[in-house]
Amino acid sequence: MTTTALALAAAWPLDVDGAVRPVMVEADASGGDLMIRFGLPVAPSLLDVAAAAGKPHPGSLLGAASELPCGVRAVAAVPGRGPCREAVRLLATAAGQRVLLGDDHDRGTVLLDVGRLGEDVEPLLEAADHLVLVARGGAEPLTHVSVYGLDACAYAGRLALAVVGPCPYPAQEIASTLGIRRVHFLPWNAKSVAAMNSPTHGDRRATGFRPSPLMTAARTLARQLTAPPDSATRTTAAEGDPTAEGGGTELVERRRPGLVRVPEAEESRT
């Protein structure tokens, strides 16, 4: 899940939001991974953003962001459920959401990695302009998507499903079965994941860098998320190859997405 969020942030189109890069916020109530993964200091972190939420002038979200080796700006959460759960609870309040959204003159997109679905993040899901569920492509994790209680009708127009790794089912079948009409496939392999999470890897936006299949698919997903409604077009997975570039059903509306993990569908915390 976290790697999916990193890939999407790294692939975010620079020609939207006035060329302002997005900020990924690790808003997982069960604790964060980025600090350990990239050797980041314990501050600034998600806790600083939550602490600032109650202040009259909380300042910019960028004050708590770190620059990751993969070229992504991210607000990391400390490991451990206790402090992160309280921080997410504060972010879900009106004051916390004001910090995430910024002032009227602020530009850019905030990508929230909120972990598993639960009551702690429900207000954030309600406020998100896009909601992207992330699950592996097997029958078991996809079944968990259907039974986890998320009302697809309530989130209609904002809900999409990102299926990571091999999947024997075409996008149309998944969309019909789960009631989620926007489905996108993300190829998954150890080399791509290792490159994205390397603490020494250079900026993935560097000139001449040949993107991996994961980054190519993430760029396609990001483009579709940022496309205005009148320019979005329906794309389908290539027959017999659900991980083909551009595979997925229609994704419309340029908005700020929130990404969530579903039970037994995470990426082994990579």
Original post:
By the gyration tensor of its Cα atoms, with a ≥ b ≥ c the square roots of the eigenvalues, what is the shape of the stretch 58-128: rounded for a/c under 1.5, prolate for a/b over b/c, or oblate?
Top reply: oblate
Subject >> the stretch 67-205: translational diffusion in µm²/s, Stokes-Einstein, Kirkwood Rh over Cα pairs, 25 °C, 0.890 mPa s >> reply: 143
Original post:
How large is the dipole of the stretch 4-121 about the Cα centre if only Lys and Arg carry +1 and Asp and Glu carry -1, each at its Cβ, rounded to the nearest 20 debye?
Top reply: 200
**OP:** Using label points projected 7 Å from each Cα along Cα→Cβ, tell me how many nm separate Asp15 and Glu86, to one decimal.
**Re:** 4.7
**OP:** If a/c stays under 1.5 just call it rounded; otherwise compare a/b with b/c (prolate if a/b is bigger, oblate if not). Do that for the stretch 1-155, with a ≥ b ≥ c from the square roots of the Cα gyration tensor eigenvalues.
**Re:** rounded
**OP:** Heads up, I need the accessible area for Arg81: 1.4 angstrom probe, whole protein in place, Å², nearest 10.
**Re:** 120
**OP:** Give me the distance in nm between label points sitting 7 Å out from Cα along the Cα-to-Cβ direction at Asp48 and Ala94, one decimal.
**Re:** 2.8
Original post:
At a probe radius of 1.4 Å, what is the per-residue accessible area of Leu14, in Å² to the nearest 10?
Top reply: 90
Subject >> Anisotropy class of the stretch 103-182 from Cα gyration tensor, a/c 1.5 cut >> reply: prolate
**OP:** Figure the gain on full extension for Ala190 and Glu119 (residue separation times 0.36 nm, minus the Cα-Cα span) and round it to one decimal in nm.
**Re:** 22.3 nm
Original post:
With charges set only on the Cβ (+1 for Lys and Arg, -1 for Asp and Glu), what does the dipole of the stretch 73-121 come to about its Cα centre, in debye to the nearest 20?
Top reply: 180
Original post:
At a probe radius of 1.4 Å, what is the per-residue accessible area of His130, in Å² to the nearest 10?
Top reply: 10
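The values are calculated or read from the model by the stated rules, or taken from the named source; none is laboratory data. What you are looking at is a predicted structure, and each value in this text was computed from that prediction instead of being measured. Cβ sites come from the backbone with ideal geometry, for glycine too, and all protein chains shown count toward neighbours. Note: accessible area is taken over every heavy atom of the protein model, side chains too, but ligands, DNA and RNA are not part of it. Shrake-Rupley method; radii C 1.70, N 1.55, O 1.52, S 1.80 Å.
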